[in-house]
Structure formats: structure tokens, C-alpha cells
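Asker: First the structure, then my questions, so here it is.
Please treat every number below as a calculation from the coordinates, not as lab data. Just so we're clear, the structure is a prediction, and the values are computed from it rather than from any experiment. For neighbour counting, all protein chains shown are included, and Cβ atoms are generated from backbone atoms with ideal geometry for every residue, glycine included.
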Amino acid sequence: MRARVPAKVNLALLVGGTDQQGYHELGTIFQAISLEDELTVEASEPGHFTVSTLGEGASFLPGDHTNLAVRAARLFAEHVDIRDAGAAIRIRKRIPVSGGLAGGSADAAATLVACNELWGRPATIDELVGLAAELGSDVPFLLMGETALGTGRGEVLEALPVCGEYHWILALSHSGLSTPAVFREFDRLQQPGPTVVPAELVSALAVGDVSAVGAALTNDLQPAALRLLPTLERTLDIGLDAGALGGIVSGSGPTCAFLADNDELVGDVAAALEVSSSVRAVRRARGPVLGAEVVV
Ligand code: C5P
């Protein structure tokens, strides 16, 4: 069974206080973008759950039971009570690892939909969403796709109406950032604030005013990511100086995401970033796109 799954960017990420497990309350707007991983799941020997990865950053991923895709397959098999389940997962990665684009969460979401198809669709969509939330705060959004408001830990979702075409230029970094480390740095640097996403961002999305969306992009984790990786400041300046309508660190970083409304501007921003020593590689993507789905 083959599935594709998008990456995400956070157009707004407001971070509040922590709950009893240490998770932060979030107010975020996710958009799914056309930078995608592909994976296949095949039935395997009973009790054997394996994963192999190819492509972008594959050598940095765990190949054992700690891989989020393996955890997703095991959790699914347990939940629907498939006796003698086993699965061999192969992932072709295009979403950078530890990049702030939810690559690991994306693979978990794709594994859930592929396993459901492989084993005859025993789970409803609501059950898949519940399993997704157990695996990680971003996983439910990667099942849903498009553009959504996320609250709670980011797993409580509401679809947002969106017009317009959003062209993203992604500046990948030479090194990754650990999400827990960025949240810890956030806690050290500042007091948690309100988590209400900007109303002007929601209304700009609804009418397709891409310039206004660019101007309203916001990320509370950005100062923490910049503290941990100061070269990101230069990357942001280069993209904005080249005319991007907005630019932010994506999620917990270190990928920087720049917004444009036409191909010519995409070319200008990408060309400026490609020659920067602070940037490992540049990717182009558009949004919004669908969430994880089986492909034939
Ligand atoms: O939910 P997920 O496992 O993807 O989160 C990874 C880490 O990010 C958590 O262990 C936590 O340190 C941090 N996090 C957080 N608050 C959230 C989501 C994630 O502190 N709402």
C-alpha cells in the first residue's frame, strides 16, 4: 500500500503556558504544502515491524522501534486488534529531518492511512485522528491537510476557509533543531503569552490577500530558534531583502519559510537564498494541499 503525505508550515504559532505533562498550550495556523514524503507498507511476518528510509536526511532517522512510523503501525495494529500483524515500511523522504516541517509526524500520518487500507479499513477517520493525537501533536493535522486552526497542544483542529495561491520558498539549514530544546529555550527567554491567532491573518487567508498573509506571519518560537542557531537571522534577512512577502522560522525550525504570490518572485527569492552560505538547500512548494492519502 502506497501513501503520500505533505509537510506543514505554521503561519502563526502562539505559545502559552504548560500543562501537567509539560506540553505548551498552542494557538496555531497550519498549512499543508506540496513538499511530500511517500511511503509503502507491506504485510510482514507476525510481530515484525521494520522501517527503511531513502532520500533527504534518511541516514539521520532511527531504523528501529523508536521510528514514529513504526510506532504508528504498531499502535494501529494493537488498536484494531489484528492478530499476527507485521509490517515492512519503506519511506522516501523529501521533507527534511528535524526541520520544523513535521516530517516525522507526516510519516506517522501516512503509515496510519496506509495500514488502514492494507488491513481492510477497520478504523474510522475519527479513530485514526485519535491514534494520530497519541503519536504527536502535529500528526492529526497531517491527516487533515489544507489549512487549519490548531489549539490545545496543536491537535484540536478546525478547518479554515482559504482563497489564493501560496507559493513557499523553504531555506533548509545545515543542522537540525530539536523541538523540545527549542521549547525549553522559549521557556527560558520569555513568559508565555495569549494564544489567540491574529484575526487579520485569518481574514487575509479567507479573502486570498497573500501580501497581508505575508505581513501577518508570526512565530513565538522564532526568538528561541534564533538563539540556538544565530545564522538563521541572516537567512531571514536574505529572503526578505529579495522581496518575499513574509518570512519566518517554520515551527521549531530551523527551516525558514518565505511567502510569494507568483513564480517570478519565487525565482528571485530562491536565487538569493541558494548562494547563501547559511543555507544548505532551497525547496519550492505550494499550499494548501490535501493531507495524507493512499495513492494507487
Ligand atoms: O507532540 P510531539 O511529540 O510532536 O512534541 C515534541 C516535543 O515538543 C514535546 O516533547 C515537547 O517538548 C514539545 N511540545 C510542547 N508543546 C506542544 C507540542 C510539543 O512543549 N504543544
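Asker: Please give the net charge around Val5, taking every other residue with its beta carbon less than 9 angstrom from that of Val5, where Lys and Arg add +1 and Asp and Glu add -1.
Answerer: Charge balance near Val5 sits at -4.
Asker: Run the dipole for segment 92-168 about the Cα centre, Lys and Arg Cβ at +1, Asp and Glu Cβ at -1, nothing else charged, and hand back the magnitude in debye, nearest 20.
Answerer: That gives segment 92-168 a dipole magnitude of about 320 debye.
Asker: Further question: Once the piece of chain linking Arg234 and Asp64 is laid out straight, how much longer is it, given 0.36 nm per residue of separation minus the C-alpha distance between them? Let's see the in-between values first.
Answerer: Working: separation 170, 0.36 × 170 = 61.20 nm, distance 3.67 nm.
Once the chain is fully extended between Arg234 and Asp64, it gains 57.5 nm.
Asker: Also, quick follow-up: From the square roots a ≥ b ≥ c of the eigenvalues of the alpha-carbon gyration tensor of segment 185-296, which class results: rounded (a/c under 1.5), prolate (a/b over b/c), or oblate?
Answerer: Values: a/c = 1.42, a/b = 1.07, b/c = 1.32.
Rounded, because the longest to shortest axis ratio a/c is under 1.5.
Asker: Follow-up. Roughly how many debye, to the nearest 20, is the charge dipole of the chain about its Cα centre, given +1 on each Lys and Arg Cβ, -1 on each Asp and Glu Cβ, and no other charges?
Answerer: Once rounded to the nearest 20, the dipole reads 620 debye.
Asker: So what J values fall out for segment 52-57 if you push phi through Karplus, 6.51 cos²θ - 1.76 cosθ + 1.60 with θ = phi - 60°, rounded to Hz, Gly and Pro as x?
Answerer: These are the phi-based 3J(HN,Hα) values: 10, 10, 10, x, 3, x Hz.
Asker: Now a separate question. Return the single residue from Gln190, Gln31, Gln20 with maximal mean-square fluctuation; model: Gaussian network over the chain, springs between Cα atoms under 10 Å.
Answerer: Largest GNM mean-square fluctuation: Gln20.
Asker: Using only alpha carbon pairs under 8 Å that are at least six residues apart, calculate the relative contact order of the chain and give it in whole percent. Provide the component values of the computation, followed by the final result.
Answerer: Details: 738 pairs, mean separation 78.7, N = 296.
After rounding, I find 27 percent.
Asker: Below 12 angstrom from the Cβ of Leu189, what's the summed charge of the other residues (Lys, Arg +1; Asp, Glu -1)?
Answerer: Numbers: positive: Arg184, Arg188, Arg227; negative: Glu185, Asp187, Asp220.
Result for the local shell: 0.
Asker: Rounded if a/c is under 1.5, else prolate if a/b beats b/c, else oblate: with a ≥ b ≥ c from the C-alpha gyration tensor eigenvalues square-rooted, which is the chain? Walk me through the numbers before you get to the answer.
Answerer: Numbers: a/c = 1.65, a/b = 1.54, b/c = 1.07.
Verdict is prolate for the chain.
Asker: Something else now. Among Asn67, Ser34, Ser44, flag the residue with its Cα farthest along the positive direction of the charge dipole of segment 31-79, charges on Cβ as +1 for Lys/Arg and -1 for Asp/Glu.
Answerer: Asn67
Asker: Another one. In terms of modelled amide H atoms, which long-range or inter-chain residues lie less than 5 Å from the amide H of Ala281?
Answerer: The answer is Leu172.
Asker: Going out from 0 in 10 Å bins, what whole percent of all Cα-Cα distances in segment 78-233 drops into each bin?
Answerer: Percent of Cα pairs in each bin: 9, 29, 36, 19, 6, 0.
Asker: Using the count of nearby Cβ atoms within 10 Å as a rough guide to exposure, how do Ser211, Ser250 rank from fewest to most? Mind showing how you got there, number by number?
Answerer: Working: Ser211 12, Ser250 29.
The fewest-first ordering by Cβ neighbours comes to Ser211, Ser250.
Asker: Can you compute the helix-only [θ] at 222 nm over the chain? Use -39500 (n - 2.57) per DSSP H run of at least 4 residues, normalise by all residues, nearest 500 deg cm²/dmol.
Answerer: -10500 deg cm²/dmol
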